[in-house]
Every structure is written in C-alpha cells, then in structure tokens.
Amino acid sequence: MRRPIWPWFLLLALGLLVLPADRHRHTDQTHRIEGNLTPQREMAMKEAIYRNDVQLTDELCRNQCVADFHKTLTKIDQRKNVGSYAEFKQVLQNTHAEHPHILELVWQSTAAGQAPEVVVNTADPKVHAQAAPLLEQARQAAQNGQTYQSPRLDVDGQAYFVLGVPTQDQSSYLIGIVHQDILNRVADHQMKNLRIATYPPDHNFKIESVDSDTLRDKQVNNPEQNEGTSHYHKNEVVVKFRNPPTDAELQKIDADIQATAAHIMGTTYVFRSSSLEAKQLMEYFQHWDIEYAEPHFLYLTNQVPAASVGNETNAQTIVPNDLLYRRYQWNLPIIDTELGWNISKGASNVVVGIVDTGVDLNHPDLQGHLLKGINVIDNSALPLDDVGHGTHVAGVITALVNNDRGVAGMTWENPVLPVKVLDETGAGSTYAVAQGVVWATDHGAKVLNLSLGNYADANFLHDAIRYAFDHDVVLIAASGNDNTEQPGYPAAYPEVLAVAATDSNKQRAPFSNFGDYIGVAAPGVNIASTYPDNQYAALSGTSMASPHVTALAALIRSIDPALKNTEVMDIIRKTAMDLGTPGRDKYFGYGQIDVVKALQAAKNGLGAPTPGTTPGTVNGETGSNGGTTGETPSTGKGNEGSAAQTGSTEDTFDSDDSSSWLDWLYRWFGR
C-alpha cells in the first residue's frame, strides 16, 4: 500500500463529518406527545422552539450589549477629567475589538464646551445610511437620560439594531450599531440541530443516506425522513483485521481497490477508494481475515421555591450575579443546582472532555477554565469552534460564575478539555469521533460529553467507547432530536449514560428521542449559554441536556475522585426526580437529574447501584469490565488484535505511556 509521506497530510485528507444531542409530580404528558404527535404537529412544535431560541438569543445579545456599553462608559468616565480625545477613542476601539459585532460607536459628552463626539465606525456605508434615523432617535433618548433599543433593522438579509445608553448622571452617552449575525447563525444551527431541515450534504464528500438497520439506500427529502437514517462516506469503508496485515497485503489491497487514502488506528483501517463504493468495499473485505467491515458513518450534533437540602439545614440558595442568569437560566434552579453548590462547586483536578465542534478559546466567560485540547480534523490548528455548538456545551458546564457578566456554568472549578472532531458543518466521521474519545481519555479526561450521534451501531466507535470506559471515564451522550424510539449511538451503547431533554415545565421536549436505553433527563429547551465571538445564544436539543449531566458527574467526582465511573452513573440515576410514569420509563429514564441529592449521596458515600442494576453495569447491562482500570487498552485493536496476543509490542499504546496515543499514531504512519 502507498505509504503516507507526511502524517499531517493524512489527517487533513481524512473526510471528517458529524452533525453537530410539585418536585415529584408525575405527568402523562409525554405519552400524549408521543402518541398523538403527527409529523406535521411535531414539525410545528420544533419550529416554535426554534423561533423561541432565535428570539431569546436576540434578547441575550441586546442585554449583554447594554452591559458592555455601560462598562465602556465607565472606562471613559474614569478618564474624563484627565484623558484626551485619543484616549477616549482607544477605549471605543478596544470595545469594538472585544465585541466585533458592535460595528459603530459614538461617544458624546453632554456638558457645554466639551470635546467633540468620539467615533469608531466600521459599519458598511449602506448599513450606516439606513441606521441613521435610528441613531438620531438613540441620541435624543440618551440625551434625555433614557436607554434606547431600536427595532430590528434588516439590510441585505442581515439583522442589526441601534443602541443608546446614557451615564447615570447623564453627563455623557454612547450610541452604536450592533450587527446581529448571531441570529442567522443560531437560526441555521437550529434548523439542522432540531432536524427542521434535511441533512445537508457537505460539498467536500460524497455522502450516502441509508436505513440504519438494513443499510438499504434511503432518499431523504424532508426532515421526517431523518429518523432512523444514518449517513456514511460513499467511497470509504472501516475494516478491523484480526491480525495486522503485512506490507505486501496492504499493497495488494491498495491495488485491488485503487485506494487513495488510508487511516489507521491499531488494527482498524479506514480505506478510501477511487473506484468502489462502500458496499462493494465491504464485500471485497469479506475475503480477508477480518472482524468486521462497515461503512464509515457520520455523526450529527444533537442540540435543541427552593427545597430543603436534607441535613444541610443551614444551606442557602446561591444565586450568581451573572448578568443573564436570573432572567434566562431557568435550567439550573429547576435541577437544584443553587443548593447543590453548598456541597460542591467542583475541583480543578477533575477534567471534563468535550468531544464536539471545538470551543471558542478566547471567550471571556470561559477564560481560565480551558485546557490545551486537540483539533482532530487539522492537528496543526487549535480546536477553535467554527459552528458554536461546542462553545455552547462548554458554557453549560463551566462558564465563569459570579463574574457579573453573561451566564453561569454548573461547575465553578472544573476545567474543560476541548476535542474538535466536527468540522465547520457540524459533521464528523467515525474515525474522528473515535480518535477524539481515545485522545481525551489518554490526556486526563475523567468525564466525557458526547453531544453528537448517528443511528448506526458502528463497531469502530464502540471500540473507542469501551476503551474510555475501561479507563474509568464517565461517558455522557445526547439521545437525539428526532422524537423517535430508534436507538442512537453513542448514547445507546451500554457503557454510556444516555440523556433525554426536558423543558421548563419538567415535560419531555417534543424533539427528544426515547427508548429503553435512556438513563436520565435534563433541561434542553431554550438553554442560554456561551457562543463564539464573545456572545451568548439560546439553543435547544438533547445536546444542551447532556452537558448538565456531564457537569453533575464532574461535581460528583470532585467530591470523591475514588468513585468508579459506574458508581458515578448509579448516583446520578438513583437520585433523579421521577417524572412521567412512576419508576423508570423510556421517556425520562430514571427521571430528571437532581443536583443536590446526587451531591449529598456522593458526600455520604452512597455509591450503591440503582435498583434494577448490579454493580459494574451500565444502562442495566454489563459493561466491558465494570468500570475497573488497569486492563489492556482495547480501542482500535480489540482483544484479538492486541499486541499482547500477537506477540508484538511495537505498535501498542497505553494512556500511562509517556508518549501520547497520537504520537504513537504518527510513528505508525511514518514507519
């Protein structure tokens, strides 16, 4: 087989696609939703949630901009008696640099004889011209001591608004034009995330849609047909050999299938052919000594009064001062996070891995909580978020708390390890996700959030999931947004805790997938969180529910790091507040998570198994080793293909090795 000249090229050549998952009152509302929900009604409910997300994002943007204008005025006011025109302009330029969506800023003192107005303007002349009447209204309102917000202004399909803010003593004011590109981004994001739009094929790859059970071709012409549908690379196949093929065998394969690329993880290969399609490739490899040959699947994002605290009789509700918290973050009080913070706010030694679209590494509300991660798609680049999904997930988990801006995360101390496996379309391949899971495991993640999914049970990904589970990682995944009982993966793997979504009334979100594999539920409708470019957005989806559970797992492990992954999941399940039909059901699993009860259980050493499970089980099924560590790593190899059994140690990798798994991969490629 043609050997790669440079390993970076191989990673860049990899087609990576995943589309960016009364306190004990019972309700049968979820049954009515699922039983009577026609496709038309489901679509109408999803569209209503989508519109609410956009509307709330508009409010989040406007409120945060008002706060940013006030901070800018304060900085100028502090220099007003000694500063110069140039210094005032520098303050405005700094505000624009920190908030590039603020296109124009005009500061003016109202005192007689003061310097002329200070202007920083990067707005398009057409936008400025159409905004001029609104700027004049903002000026007049601000001169009268009133804050002004204009209606939405649309110019060439883009949204803007004009803002005017006076100082408290009315000695000066600031007016400006704000570009709300975030509204279009959130709208596009949620159309895909809630499956309101059909799956958008990426122009870089040939994509095929199939029925997940039969692998028969399936035409997807409307969003309803996304249910139970999987997507894969048309000319690629994933093959796991029982024994590593020799160089001569690889050369024969290369010639037979006219391979244009190969990517390797242990004894598992991803082959791309210039002439054969996936089904032909699968048939070809049946004549080789393999464990399996399967399509190279794609994964999609899955986004859409205080109680007493047991014996904590003196506990007080902790309400953060974050600007958007009280009005928009209903999701944390409803699961008793505020009381739970009396027990644990997290710990810096419990790392949370986010396998997603990356994270905005410069977002001020995440600073100090982000570790050096990896960009699996382009290993030479930083794991920057070019979609928004991963940044939103990160904010739910670890946005700075009590910093008087933006939103509050569930953990105050736990750092996040960004692992970018999804590209700018929010899509990524089995190989990318599997590699990300293994890398995060090898680099210290104690909890992994997987807000992504596919309806295909891929052996390749399951190998990576087992590897993380066998290394005592707590795995949390979103169930999906198609309102279907079809199991989605990785959520339905027995090693993973699957999460459904609820709304502010503790009812099942109409988009939330369901089934016997659901472990627990968490808030997932109109969730406010961080978004790229120093902004905030409201999104809905099981992708938003999953990080609530991930954060809870991190808080539990912060209390007792010795708890096994199975024990952490048991605590989360057994302390959940029961919803729906009494007992475990397919809509809520064991119920909606209860932060304070879970943290009390961890504090009191109550890691006993949930009723209906046994120690060392996950989702009621036996895990690969019951959550113990110290076993031979199996990801990308499987026991049959491990070096220990083949008699070679040349290509083994281990998380305890001084070299990372990725370093091992580069050596394997280059040898």
Going by the structure shown, is residue 377 open to solvent by 10 Å² or more (accessible area, probe 1.4 Å) and closer than 30 Å to residue 298 by Cβ?
yes
For the stretch 530-585, how many residues meet the condition of being closer than 20 Å to residue 333 by Cα, under 23 Å from the mean Cα position of the chain (by Cα) and not β-branched (Val, Ile, Thr)?
19
Go through (1) modelled with pLDDT of 95 or more; (2) open to solvent by less than 10 Å² (accessible area, probe 1.4 Å); (3) within 29 Å of residue 290 (Cα to Cα) one by one and return the number of the condition residue 499 breaks.
(3)
Could you check residue 146 against (1) under 18 Å from residue 67 (Cα atoms); (2) open to solvent by 80 Å² or more (accessible area, probe 1.4 Å); (3) in a strand (DSSP E or B) and say which number it fails?
(3)
Could you tell me how many of the residues in the stretch 397-411 are open to solvent by 10 Å² or more (accessible area, probe 1.4 Å) and either touching a His at 6+ places or on another chain (Cβ under 9 Å) or not in a loop (DSSP other than H, G, I, E, B) (or both)?
1
Six or more apart or on different chains, Cβ under 9 Å: which pairs go from a residue in the stretch 242-270 that's closer than 17 Å to residue 289 by Cβ to one that's of a type in the set (Val, Ile, Thr) and part of a helix (DSSP H, G or I)? Could you list them?
243/646; 244/646; 245/253; 267/646; 269/253
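Residues checked against (1) among the aromatic types (Phe, Trp, Tyr); (2) under 30 Å from residue 512 (Cβ atoms); (3) at pLDDT below 95:
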site: 138; (1), (2), (3): no, no, no
site: 147; (1), (2), (3): no, no, no
site: 155; (1), (2), (3): no, no, no
site: 159; (1), (2), (3): no, yes, no
site: 167; (1), (2), (3): no, no, yes
site: 210; (1), (2), (3): no, yes, yes
Could you say which residue among 456, 440, 468, 445 is farther than 14 Å from residue 542 by Cα, modelled with pLDDT under 95 and either open to solvent by less than 10 Å² (accessible area, probe 1.4 Å) or acidic (Asp, Glu) (or both)?
456
How many of the residues making up the stretch 542-568 are farther than 14 Å from residue 475 by Cβ and touching a His at 6+ places or on another chain (Cβ under 9 Å)?
2
Being part of a loop (DSSP other than H, G, I, E, B) and at pLDDT 75 or above is the requirement here; does residue 287 meet it?
yes
Kindly list, by first and then second residue, each pair from a residue in the stretch 334-362 that is over 18 Å from residue 524 (Cβ atoms) to a residue that is of a type in the set (Ser, Thr, Tyr) and assigned to a strand (DSSP E or B), limited to pairs with Cβ atoms under 8 Å and residues at least 6 apart or on different chains.
360/530; 360/531
Filter the stretch 169-182 down to residues that are open to solvent by 10 Å² or more (accessible area, probe 1.4 Å) and either under 24 Å from residue 539 (Cβ atoms) or in contact with a Phe, Trp or Tyr (Cβ under 7 Å, 6 or more places away or on another chain) (or both) and give me whichever is modelled with the highest pLDDT.
179
Considering residues that are among the hydrophobic types (A, V, I, L, M, F, W, C) and open to solvent by 30 Å² or more (accessible area, probe 1.4 Å), the number found within the stretch 55-83 is 2
Which members of the stretch 128-141 meet the condition of being buried (at least 19 other Cβ atoms within 10 Å of the Cβ) and touching a Leu at 6+ places or on another chain (Cβ under 7 Å)?
131, 134, 138
Just a yes or no: is a residue in the stretch 337-349 farther than 18 Å from residue 413 by Cβ and surrounded by 22 or more Cβ atoms within 10 Å (Cβ to Cβ)?
no
Residues (more than 20 Å from residue 518 (Cα to Cα), open to solvent by less than 50 Å² (accessible area, probe 1.4 Å) and small (Gly, Ala, Ser)) located in the stretch 571-606:
601, 602
Give the residue that is nearest to residue 473 (Cα to Cα), with candidates limited to residues of the stretch 381-430 that are over 14 Å from the mean Cα position of the chain (by Cα) and of a type in the set (Gly, Ala, Ser).
429
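Table: residues versus (1) assigned to a loop (DSSP other than H, G, I, E, B); (2) closer than 30 Å to residue 59 by Cα; (3) modelled with pLDDT of 95 or more.
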{"position": "537", "(1), (2), (3)": "no, yes, yes"}
{"position": "549", "(1), (2), (3)": "no, yes, yes"}
{"position": "568", "(1), (2), (3)": "no, no, yes"}
{"position": "579", "(1), (2), (3)": "yes, no, yes"}
{"position": "587", "(1), (2), (3)": "yes, no, yes"}
{"position": "600", "(1), (2), (3)": "no, no, yes"}
{"position": "615", "(1), (2), (3)": "yes, no, no"}
{"position": "625", "(1), (2), (3)": "yes, no, no"}
Look at residue 187 and say whether it is modelled with pLDDT under 90, of a type in the set (A, V, I, L, M, F, W, C), surrounded by 16 or more Cβ atoms within 10 Å (Cβ to Cβ) and within 26 Å of residue 530 (Cα to Cα).
yes
Among 515, 519, which is the only one that is over 30 Å from residue 55 (Cα atoms), in a strand (DSSP E or B) and open to solvent by less than 10 Å² (accessible area, probe 1.4 Å)?
519
Selected residue (criterion: farthest from residue 432 (Cα to Cα)) from residues of the stretch 261-283 that are surrounded by 15 or more Cβ atoms within 10 Å (Cβ to Cβ) and of a type in the set (Ser, Thr, Tyr):
273
Just one of 321, 379 is more than 19 Å from residue 61 (Cα to Cα) and either modelled with pLDDT of 95 or more or assigned to a loop (DSSP other than H, G, I, E, B) (or both); which is it?
379
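The values are calculated or read from the model by the stated rules, or taken from the named source; none is laboratory data. All values reported here derive from a predicted model rather than from experimental measurement. Counting neighbours? That spans all protein chains shown, and the Cβs are built from the backbone with ideal geometry, glycine included. Side chains are part of the model used for accessible areas, which takes the heavy atoms of the whole protein and leaves out ligands, DNA and RNA. Shrake-Rupley method; radii C 1.70, N 1.55, O 1.52, S 1.80 Å.
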